[in-house]
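Rule-based calculations on the coordinates, nothing more; no lab input. Quick caveat: nothing in here was measured; it's all calculated off a predicted structure. Here the Cβ is made from the backbone with ideal geometry for all residues, glycine too, and neighbour counts use every protein chain on show.
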Amino acid sequence: MSQPAASEVQSAQLRVADMIGGMMEFWGFKRNMGRVWGILYLHEKAMSADELRALLSVSAGTMSTTLQELQRWKVIRKTWVPGERRDYYEAETNIWAMVSRVFRERELNEIKTSIQVFRESRDTLKVEEDKRPEDLEHIRFVDARIKQLLELAKIGESLLDGMLAGASIDSSPLAMFKLPPEDE
């Protein structure tokens, strides 16, 4: 069986890199971040910014910014190529390390902030008995809804902490948030 031509390999690499770029964009990152990481991940040797820029048809400024952002997230690193003066880059290949870093630095922090806001908001709703009955009813309603959000956030925090620690995940606590089946 013959080997695929270099152009076929490059075409496959670009398609995969673009798909990764789309997934990264869905996660809230810039599409080019996923494209650059994808190309580096699929490339056997470190690549220079100029090589990446030419392959992905992006400006020098876009490439520079993208490489800086990827290094900040620790998903690529600079490497030295003997005999070369310019910087070369290679991808982090431990995908779990990258994903867990994002979950820890973004999602988990967001959940922790949510928990804090929900708790503080509930504290401001402390029921004072001198309120009118309709005000008390409204306060209790809002407090009950915030309490549900707080419970969901705490479960999410626990699940994410467990996942990041490599523990078995029990998602059964989420069942309390299921909606009742719609009437037919």
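Sorted largest first, the principal axis extents computed over the alpha-carbon atoms of the chain equal 79, 42, 31 Å. Extents of the range 6-93, taken as max minus min of Cα coordinates on every principal axis and listed largest first, are 38, 32, 26 Å. Number of Lys-Lys pairs in the chain under 17 Å by Cα, sequence gap 8 or more or different chains? For the chain, the number of qualifying lysine pairs is 7. Taking every alpha-carbon pair under 8 Å whose residues sit at least 6 apart, the range 96-175 reaches a relative contact order of 37 percent.
Using Cα-Cα distances under 8 Å and only pairs 6 or more residues apart, what relative contact order does the range 6-93 have, in percent? So the answer I get is 25 percent. Inter-part distance, the range 87-104 to the range 66-82, computed on C-alpha centroids, equals 10 Å. Of the GluC sites (Glu not before Pro) found in the range 20-101, those in coil by DSSP whose Cβ has at most 12 other Cβ atoms within 10 Å are E44, E84.
Within the range 63-128, the proportion of C-alpha pairs whose separation exceeds 17 Å stands at 61%. Highest mean first, the peptides 153-162, 133-142 sorted by other C-beta atoms within 10 Å per residue fall in the order 153-162, 133-142.
Per residue, the average separation of C-alpha pairs within less than 8 Å and at least 6 apart gives the chain a relative contact order of 13 percent.
Taking the centroid of alpha carbons for each part, the range 1-61 and the range 147-173 are 35 Å apart. Panel values: the range 96-175, Kirkwood radius from alpha carbon pairs, Stokes-Einstein at 4 °C and 1.567 mPa s, translational diffusion coefficient 90 µm²/s. On C-alpha positions alone, give me the angle between the axis of helix 6-26 and the longest principal axis of the chain, in degrees, nearest 10. For 6-26 against the chain, the angle is about 20 degrees.
Here's how it looks for E92: its modeled amide H is under 5 Å from those of I76, R77, which are all 5 or more places away or on a different chain. In plain terms, the chain from T124 to N109 could stretch by 3.1 nm, reckoned as 0.36 nm per residue minus the Cα-Cα distance.
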